[in-house]
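*Asks:* Take a look at this one; I'll ask things after.
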Amino acid sequence: MLDAIDDLNVRENTLVIWMSENGPEEIFPHNGTAGPWRGTYFTALEGSLRAPFLVRWPGKIEAGAVHNEIMHVTDLYPTLAHIAGAKIPTDRIIDGLNQFDFLSGKAKRSPREGFPVYNGDILQAYKWRNWKLHFRTQETMRSNIERPGMPRLYNLLTDPKGGVRPYRKGR
């Protein structure tokens with residue numbers, strides 16, 4: 001597809017987005033990895049939420065840039081509307097945030113600081129920056145949803161697996 005865009009000489013005028021909506025598959029033989037994070041799709045774990053998002057738009061977005069900022073799929077609507085010059089409706093709540101300034105390098109940080117994590121209609125967690133508060137947990141899409149006695153708070157920089165602690169002798 002990228003070669004065809006280049007062959008048509010529309011590279012500079014074409015925004016290409018490649019993304020996934022969930023983390024890795026858990027079922028063999030298609031199972032994947034979420035890198036250092038725990039979880040597969042259909043869970044509220046970080047491995048389910050951190051999904052690939054690649055953008056190419058020469059002259060507008062820096063090639064090779066890598067970020068650890070939060071961008072949610074709901075941000076695509078206001079961002080693409082801004083790029084197209086379309087107006088966002090004002091008669092309803094729009095969950096997304098315009099990420100154009102962040103993507104184009106005009107802003108160093110994403111305007112999104114957090115988001116609620118639902119599985120169906122159940123609020124399972126809330127993510128804010130590098131923190132995650134779990135109200136309910138579920139290891140895989142086929143396991144039971146568990147409700148701990150109190151919410152569990154994790155710093156994802158120091159504990160990327162979100163609660164998996166290494167075994168220590170004497171514990």
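None of the figures in this text is laboratory data; all of them are computed from the coordinates on show. Computed from a predicted structure; not experimentally measured. FYI the Cβ positions are ideal-geometry reconstructions off the backbone, even for glycines, and counts take in every protein chain you see.
*Asks:* Give the residues of the stretch 62-83 that are surrounded by fewer than 16 Cβ atoms within 10 Å (Cβ to Cβ) and either touching a helix residue (DSSP H, G or I) at 6+ places or on another chain (Cβ under 7 Å) or acidic (Asp, Glu) (or both), sorted by residue number.
*Replies:* Filtering the stretch 62-83 for residues surrounded by fewer than 16 Cβ atoms within 10 Å (Cβ to Cβ) gives 62-69, 73-74, 76, 82-83.
Passing the criteria: Glu62, Glu69, His82, Ile83.
*Asks:* I'd like to check something: does the stretch 4-20 contain any residue that is within 24 Å of Tyr118 (Cβ to Cβ), surrounded by 10 or more Cβ atoms within 10 Å (Cβ to Cβ), touching a helix residue (DSSP H, G or I) at 6+ places or on another chain (Cβ under 9 Å) and not β-branched (Val, Ile, Thr)?
*Replies:* Residues of the stretch 4-20 within 24 Å of Tyr118 (Cβ to Cβ): 17, 19-20.
Of the ones still in play, those that are also surrounded by 10 or more Cβ atoms within 10 Å (Cβ to Cβ) are 17, 19-20.
With the extra rule that they be touching a helix residue (DSSP H, G or I) at 6+ places or on another chain (Cβ under 9 Å), the set shrinks to 17, 19.
Filter once more, keeping what is not β-branched (Val, Ile, Thr): 19.
The answer is yes, given that some residue of the stretch 4-20 is within 24 Å of Tyr118 (Cβ to Cβ), surrounded by 10 or more Cβ atoms within 10 Å (Cβ to Cβ), touching a helix residue (DSSP H, G or I) at 6+ places or on another chain (Cβ under 9 Å) and not β-branched (Val, Ile, Thr).
*Asks:* Go over the candidates Arg142, Arg147, Arg152 one by one and state the one that is within 16 Å of Gly39 (Cβ to Cβ) and without any contact (Cβ under 8 Å) to a residue 40 or more places away in the chain. So that I can check it myself, show each step before the final result.
*Replies:* Working: Arg142 fails: without any contact (Cβ under 8 Å) to a residue 40 or more places away in the chain; Arg147 fails: within 16 Å of Gly39 (Cβ to Cβ).
The match here is Arg152.
*Asks:* Among (1) more than 13 Å from the chain's Cα centre (by Cα); (2) surrounded by 15 or more Cβ atoms within 10 Å (Cβ to Cβ); (3) in a loop (DSSP other than H, G, I, E, B), which single condition is Ala125 missing?
*Replies:* Checking Ala125 against (1) more than 13 Å from the chain's Cα centre (by Cα); (2) surrounded by 15 or more Cβ atoms within 10 Å (Cβ to Cβ); (3) in a loop (DSSP other than H, G, I, E, B), the one that fails is (3).
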